[in-house]
Structure formats: C-alpha cells, structure tokens
Amino acid sequence: MSNLVSCSHCHLEFEESVMIKEPLQHELNFCCNGCQGVYHLLKDDGLDSFYDKLGNNKLSKPLARGEDSSNFDMESFVTRYIRTTEDGFNRVDLIIEGIHCAACIWLNEKVLNETAGIVEININFTNNKAKIIWDNDIIKLSQIIDKIRSIGYNAYPYTRTDSEIKATKNKKDFFLRMSIAIFASMNIMMIDVAKYTGYFSGIDPEILRMIHMAEFIFASPVLFYSGWIFFRGAYYGLKNKIINMDFLVSGGATLTYIYSIYVLFGGAGDSYFDSVAMIITFVLVGKYLEVLGKKSAVDTMDKIKSQIPLEATIIVEDGKKTVSLDEINIDDIIEVKNGEKASVDGIVTSGYSSFDESSISGESLPVDKKIGDKIFSGTINTESVIRYKATKNYANSTLNHIVELLEDSLNSKPKIEDTTQSMSKYFSVMILSLAIGTFVAWFFYDGSFENALIIGISVIIIACPCALALATPIASLIGISWLTKEGLLFKEAKFIETFAKIDAIVFDKTGTLTTGNLTVKDIPLSLTKEELNILYSLSDSSTHPVSIAIKKHLEKSFSNLKHVELKKIEQIPAFGIQALYNDTIIYGGKLENNIEYKTTVYHYTINDKLLATFELQDQLREDAIETIQYFKNQNIKTILCSGDNEQTVLKIADEVKVDHHLAKMSPIAKADYIRSLKDSGQKVVMVGDGVNDSLALSRADISIAMGNGADIAIAISDIVILNDQLSGITKSHYITKRTFRFIKQNLMISLIYNIVTIPIAMAGFIIPLVAALSMSLSSLLVVGNSLRIKNKK
C-alpha cells in the first residue's frame, strides 16, 4: 500500500497513488483538481504567502467529487430562497462553510468575481454570510455552487425571514438616530465651552443669544428625530395607562426644550439645550445596545433553521422522486445516501449504515443502524445507502420540534427584564409626581409661574435617571472589556448579573469536560512486527474515528511501521473492516458477544482468532478537575449531563467528582432537566459544545459554549470561551461577581444622589443649570467607580 503524502494546498494526507502529481522545481501533490487550481491561482496572483500564514494547519476536507448540486436549480429551491432584484438579476443569500480567515474570504470573492455572469459577491467575515447576485441567462446557481465547491468550500442557503428583515431595519434606524444624537451633542458641548466660560466671566448678550440659537439648531433634531422613539413609547404607554421611562425622558426633555426656547426669545434665565441633547443621547445609546441583542437572537434562529435539509428522495412505483420536506407523508420510503441528512424520523427498512447523531443524542461516535432501527431527522449518514420508512411528517419530526422549542426560548423574556420594567414604572410615576407637586407648591407659595416652572424642571432634570441608566451599562462595559481580553465573549451585558448569582452549573461530557478526541488506552505487547504492520495497514484503510485513533496510536508507539498489501478491503456496516492478506482473513472492529465494556473497544482478529482487544477513551481536559472544584468551593451545585452510556459517564463523573450525573440524555431530556432545575428556583448555567446541546443551552439562564464547538452551539450560547479552556469559565464567574458587586455600588451611588439632591431641588436651591451639572457629576461618579473594577486581578 502506498505511503501517505500531504496535499500541497490543503495539507490533508492521502495515499500517494491517488494524488495528482506535478513535477516542477520540486514535487507538488494535489488531492483534487480544486486544490491544484487554487494553488496556481494563488501563485499566479503573487499570494503564495497564504501558505506561509497557514503553516502546518489544515484546511477543510475537500468535498466528494461529482457531488450533485442540481437541487439548487429546483423550482422548490428557487421559490423559497431566490429573489429578483430591481435590475432583473437573481439574488441568493448563502452561508459559506470552511472559511477560516480573511484569506478564505478573499479567495471565494476573487474566484466568483472572475466568473462570467456573477454581478456582485459580498461575504461577511463575522457570520460567513454571502450575498450573491447573478445573471441567470449566463450562469445557473448550481454552477456557482460547483465553483465554490471546486476550491474546497461548501454553501447552503440562508433564509432572510420577516423577523430578520424587521430586526435589520430596526438596527439601521436606531444607529442613524444615535449617530445624529451623538454628532449634535458633541457640537453642543463644544459651544457650551464659550457659554459656561462667559457665565462666570461675563458675556455679551448678543453673543449669548447666538450661542442659544446654535444650541437650538443642534438640539432640535436630537429631540424630535433621535428622540422620536421615546415620544412613541410614551404615547403607547399612556394609551395603556402606564407612565414609563419613555414618558419621563421625553417629558423632561420637552419641558426643558420649551423653557430654553422661552429663554432664546427674550425670557429671563439660562437655556438648557445641552441637557436636552445629553438626556436623549445617553438613553438612546442604551436602547441601541438592546436592539443589537435582539438582532443577534434573530440571526441565531435563522442560522439554525438554515441547517434543515431542503428535499428528500422518496421511492415511488416508477423509481425515485425528489420532494420538498412538506410533501413527505407518513409511510413514505426515503433513501439516504452517504453524507446526506435524514429529513424526517423513521425506521430502517433496508441496508446497513452508521449515522452521526451528534445533533440529536450527543453520542461522540457514529451510531450503527440496521433494519428495524430508528432514524432521527437531522442526523447524517456516514457510510452506505439505506432506505427507511417515515414514521412522522416534517412538522412533527424531532429536528423541527427542537427548532420550535428554540424559537419559544429565544422569544421569551428573562424574569429580570420584567422586574426592571415594573420598577422603572413606579420610579417614573414618583419623579413626575414630585415635579408636579413641586411646581404647584411653589406657584401657590410665591405666585410666580416662571419660578415654579424652573424649580419643577430642575426636579425633573436632577432626577433624570442618567446615573441610574449608567450604573449598569458602564460597569458592564468595563467588565465585558476585561472578559474579552481574557478570551471570554459575553454576547450581552445582562448575563453578568445572572452568572454572578448562579446556583447550579451543568456540564456536557464530550468536548466539554473531555477533549472529544479518542485515544487508545494501551497497546498489547504480544503482537509480532508483522501483525502490527497488518493492523496498521488495516486501520489506514478506514476513515472511521476508531480506526483513525488506532492508526495514530500505532504511529506514535512504534517506529518503522510498514504498509502491507491488503486485498478485498470491505467495510462491514455497523461492525468494522475486513480484508485479505496472503489468503488469511483480517478483521478489525466489533465482535458479536454479550460482553459489556466501559469504554469503546476494537478487536483485531486473523482467521477469526482474536489477537488483541484495544480500549479507547476520551481524554479528560487538563483543567476539568480544578474547574469543578472551584464551583464546589463557591457552593454551586455541579452536574454532568451526557447522551453517552451510563458506564462512560460514571467514569468521568468519578474522576472530576461532580455532585450529580445523568447519562443517556437526549436533547429534549437535557432541556427538560434544565427547566426542572429552574422551576425549583435555581439559577442554572449550561456548558456544552455540540449541536445536540443547543436546546439545553437555550433553556438555561446562562449558556456557555467552548470555542471549538459546533457553530449552532456557539450561536445559541450567551458566553463563548474563545480559548477553549475550562479555566475560562472560572475566570468568567470571578469577573462577573466582581463586576456585579460594582454595579450594586453604582446603584447605591445613584440612590444616595437622588435622596440628597431631589429634596434640595424641591426646596428651590438648585436652578436647572446646576441640576444639569449635578446630574453630570453623578454620572462621573458612577463612571469613576466603574473604572476600579479592573484594579484587582
């Protein structure tokens, strides 16, 4: 058997006999025409430094040659995903798989831009979403997909749902309003330098009037355009008999604006256009951050939906027929080829194969399937062709059920949000009542409407919740900045409080507490050199994870291993691999016996004589034990929850010493368990890395994904550990606890500020100018205190 050599482009290893050789200045080897073409494309354009940056890393595994892309031209696909632009061209949104860096973006865009018929191509590096516009008279979408696949990448459709379109539009609207508010406020503050300087040293009345006019010009769009959302919120609040924060913000800003106009046109006193702009701008920034969080949630749900297969192949009387998922009926016979996903649930009727059920059960190895076994929607066939009978339609399938549960989870509000809204309602009513009461009292006390109005406005301005609004976001921003530097990505600031107050933390096993890579526990020493070479050649003839682990460990443990020529190599579905060597039968894999093993095993036989049994195990992460101990020291309950068998889970649970463990847990069972913990009053964190964890992650108060986990797990999670170290979870908990402590301090500062200053303002000792300055001072105190968060590390 030939030696293994690396592809000069993707660096993946293949048998030398199947490589495309190209003798130039030195020997070049390519695994496919795509890699060969990309290599020369980079060379010709002087970008061969790509390989220097790539180093010893490997690119994604190339797709099987000749993979059918005709389904992208099917009428059902066109109707669902393709839109027509104003110019009459076709447009589709795709997710490009296999992108690792900016060089990958450049490569895809360059190849497609040079393809006849493609009008526009733009790929977003943050989410790998590609917008492609093309002339369908010149090139078909299937040809574009083939072009993408030819350079080692893949693409699947991205659906722009109504919710995403609405969220994107809302984000753009808020960003524009916020940008105008910030621009105008900055200009007003620069103008104020002259006004406040003149306030103490004297200023010509005409110049002061010009300053007031300039402030009026800048403050007007801030109030009526940028601040329109607060007027709208106040209107709907009053319509439902609720006085909310929007009413307080818009009411205080409007009264201040009216009074400032009165001063502008000759009234006595000082204008406060700067206060109008700053009030609107401060609160609008917080609103924009909230919109970003909602947009992120919508993107997450749409990405998960795009993973669902589009069509299925069903068996009919006159052959085969490709249908959309909605056309599949119960009892239809469905055919699934190697690499395809099962579209609905069913039972195998013919064939033997293995399925990757990581998206459903969390099982780390492919699960063998034979006649009578259940097939779940969304699982991937990893071996031979099988046929199965549909037992559910798509609407009731396992995958769709998970998607629906995720939608419900993403649309639900956290309890803290409802509590905050309730508190803000009472706070707004209280401040408004105090301001009105102050105005009435002063009007009857000295009979001056102007003086009463100024004092009433002072109460609203000095009590305007700028410090209160800054108390949480400023501290959170500093905490998140610290977390980011440590490789800990918090998707929203609200998770800081929740994580700091958790009662239980649930860990997945495979890929979370363990590395997810199988290793051989030990090598039997009784094998001869020839038997080792035969085993090495046999394991090298299979791409199954167990065979790969055996091969790697042999290479690591023994030197001078040689390939021997094996004949009639046959993959036996659900069992192992068999071959002939000098008329002897060689076999590696499972044996039919009733022995139960605590780990995955691999039997090696020659002519049915058992020569060796290898145990394989999933290695524990180096920092797993320390991580569990940290949370136990914090009096936080630690739980291991896995889809693997009881003995495997028990072994890991004993090693890390968790408080409780559960095995054979399906995604729905995990989610139900998380919900039961929450129903008992506990705040729960879920840590996972696989697609199968996505539902449980979405149900937890806080969901954490490891950086090398599945895209969907990372998308649905609240926190991502970018450095893929469990110690990142303990760092996150420490930093969030410290940050939350400072948030409470900031809230206390705001409370003390209001308790002290509001009575003084009501007594008439503070004019609106001083009220605005004291409001700014309280904000500076909150900011200064927040900066102390990072003093201790």
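The values are calculated or read from the model by the stated rules, or taken from the named source; none is laboratory data. As the structure is a computational prediction, the values presented were derived from the model and not from experiment. Positions of Cβ are generated from backbone atoms using ideal geometry, with glycine treated the same way; all protein chains shown enter the neighbour counts. Keep in mind that these areas ignore ligands, DNA and RNA; they rest on the heavy atoms of the full protein, side chains included. Shrake-Rupley method; radii C 1.70, N 1.55, O 1.52, S 1.80 Å.
I want to check the label-to-label distance for SER142 and SER220. Put each point 7 Å from Cα in the C-beta direction and report it in nm to one decimal.
6.1 nm
Gain in length, MET213 to LYS501, computed as 0.36 nm per residue apart minus the alpha-carbon separation, to one decimal in nm?
Values: separation 288, 0.36 × 288 = 103.68 nm, distance 5.05 nm.
Working it through step by step, the gained length comes to 98.6 nm.
What distance in nm separates the simple spin-label points at ASP326 and ALA669, each placed 7 Å from Cα in the Cβ direction?
3.5 nm
How much accessible surface area, in Å² rounded to 10, belongs to the heavy atoms of LEU591 with a 1.4 Å probe?
Accessible area of LEU591: about 60 Å².
Per 0.36 nm of contour for each residue apart, how much would the distance between ALA116 and SER70 grow if the chain were fully extended, relative to their Cα-Cα spacing?
Details: separation 46, 0.36 × 46 = 16.56 nm, distance 1.92 nm.
Contour length minus Cα-Cα distance gives 14.6 nm.
If you stretched the chain out fully between ALA194 and LYS567, how much longer would it get, using 0.36 nm times the residue separation minus the C-alpha to C-alpha distance? Walk me through the numbers before you get to the answer.
Values: separation 373, 0.36 × 373 = 134.28 nm, distance 9.13 nm.
Additional length available on full extension: 125.1 nm.
Give me the accessible area of GLU340, 1.4 Å probe, in Å² rounded to the nearest 10.
Accessible surface of GLU340 is approximately 70 Å².
For an R0 of 51 angstrom, estimate the FRET efficiency from the Cβ-Cβ distance between GLU97 and LEU780 and round to the nearest 0.05. Before the final figure, lay out the partial values.
Details: r = 49 Å, r/R0 = 0.95.
With R0 = 51 Å, the Cβ-Cβ based efficiency is 0.55.
How much accessible surface area, in Å² rounded to 10, belongs to the heavy atoms of TYR235 with a 1.4 Å probe?
Surface accessible to solvent at TYR235 totals approximately 130 Å².
Say each of ASP368 and GLU655 gets a label point 7 Å from the Cα, pointing the same way as Cα to Cβ; how far apart are those two points in nm?
Taking the two extended label points, one gets 2.5 nm.
Add +1 for every Lys or Arg and -1 for every Asp or Glu among the other residues with Cβ under 14 Å from the Cβ of ILE628, and state the total.
On the way: positive: LYS509, ARG621, LYS632, LYS637, LYS657; negative: ASP508, GLU622, ASP623, GLU626, ASP654, GLU655, ASP659.
That sum, taken over residues with Cβ under 14 Å, equals -2.
Assuming R0 = 30 Å, can you tell me the calculated FRET efficiency for the pair THR85 and GLU340, based on Cβ-Cβ distance, to the nearest 0.05? Kindly include the intermediate steps, with their values, before the conclusion.
On the way: r = 32 Å, r/R0 = 1.07.
The calculated FRET efficiency here is 0.40.
Provide the per-residue ³J(HN,Hα) series for region 432-448, in order, calculated from phi with Karplus coefficients 6.51, -1.76, 1.60 and θ = phi - 60°, each as a whole number of Hz, with x at glycine and proline positions.
5, 5, 5, 5, 5, x, 5, 4, 5, 4, 5, 5, 6, 6, 10, x, 9
From the cross-link list LYS551/LYS590; LYS494/LYS657; LYS485/LYS657; LYS337/LYS374; LYS609/LYS651; LYS169/LYS239, which pairs have alpha carbons spaced over 23 Å apart?
Working: LYS551/LYS590 17 Å; LYS494/LYS657 31 Å; LYS485/LYS657 31 Å; LYS337/LYS374 16 Å; LYS609/LYS651 31 Å; LYS169/LYS239 25 Å.
Flagged as over cut-off: LYS494/LYS657; LYS485/LYS657; LYS609/LYS651; LYS169/LYS239.
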